[in-house]
1. Could you go through region 21-33 in sequence order and give the Karplus-derived ³J(HN,Hα) for each residue, using 6.51 cos²θ - 1.76 cosθ + 1.60 with θ = phi - 60°, rounded to whole Hz, and x for Gly and Pro?
2. Quick one: net charge of Asp119's neighbours, Cβ under 13 Å, K/R +1, D/E -1?
3. Starting from the Cα of Ala103, step 7 Å along the direction of its Cβ; do the same at Ile89; then give the gap between the two resulting points in nm.
4. I want the local charge near Arg64. Using Cβ-Cβ distances under 13 Å, sum +1 for each Lys or Arg and -1 for each Asp or Glu among the other residues.
5. Computed FRET efficiency, Cβ-Cβ of Thr9 and Ser118, R0 41 Å: what is it to the nearest 0.05?
6. With charges only on Cβ, +1 for K and R and -1 for D and E, what is the dipole size of the chain about its Cα centre, in debye, rounded to 20?
7. Could you tally the net charge around Glu43, taking each other residue with its Cβ under 11 Å from the Cβ of Glu43, Lys/Arg +1 and Asp/Glu -1?
8. Mind listing the phi-derived Karplus ³J(HN,Hα) values for region 116-122, rounded to whole Hz, using 6.51, -1.76 and 1.60 with θ = phi - 60°, and x for any glycine or proline?
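Computed from the coordinates by the stated procedures, all read-outs in this text should not be read as laboratory data. Treat the numbers as computed from the prediction; the structure is a model and nothing was measured. Here the Cβ positions follow ideal geometry from the backbone for every residue, glycine too, while neighbour counts run over all protein chains shown.
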Amino acid sequence: MSSLSDASTSVAELKSRILAFARERDWEQFHAPKNLSMALAAEAGELMEHFLWATPEASADLARQPAKRAAIESELADVVIYALEFANITGIDVAGAIERKMAANAARYPVEKARGRSDKYDAL
């Protein structure tokens, strides 16, 4: 596999590679939205496990430690792979979904009310 980077790789290319990987192994038969959403949640839990019981400051330090970073990157990759395969199987355009969600979030969290606050939109 060639070297990929965020700066030079599109979401479409990632989706295509992930779909090809699954098809080569005849795994699409197992990739129902239910199963992929459950796998995504499981992998997110594995990512969270690296930071369990750490303070916010310590969690940032953990993410910078070379020995831990490789494992953290691997878990994040699993999360993103399952999310993109979910998009493949359900026909969701990820960029469009993100654009719509960001617009909704901008309406819910106007800068003048939300800047520097972590309150939910209905408490602003």
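1. 4, 5, 5, 4, 9, 6, 9, 4, 4, 9, 9, 5, x
2. Working: positive: Arg108, Lys113, Arg115, Arg117, Lys120; negative: Asp122.
Summing Lys/Arg as +1 and Asp/Glu as -1 gives +4.
3. 2.9
4. Details: positive: Lys68, Arg69; negative: Glu57, Asp61, Glu73.
Here the count lands on -1.
5. Values: r = 32 Å, r/R0 = 0.77.
That pair, Thr9 with Ser118, gives E of 0.80.
6. On the way: 15 positive and 19 negative charges, 81 e Å.
Charge dipole of the chain: 380 debye, to the nearest 20.
7. Details: positive: none; negative: Glu46, Glu49, Glu75, Asp78.
It works out to a net charge of -4.
8. Residue by residue, region 116-122 yields x, 10, 10, 5, 5, 3, 7 Hz.
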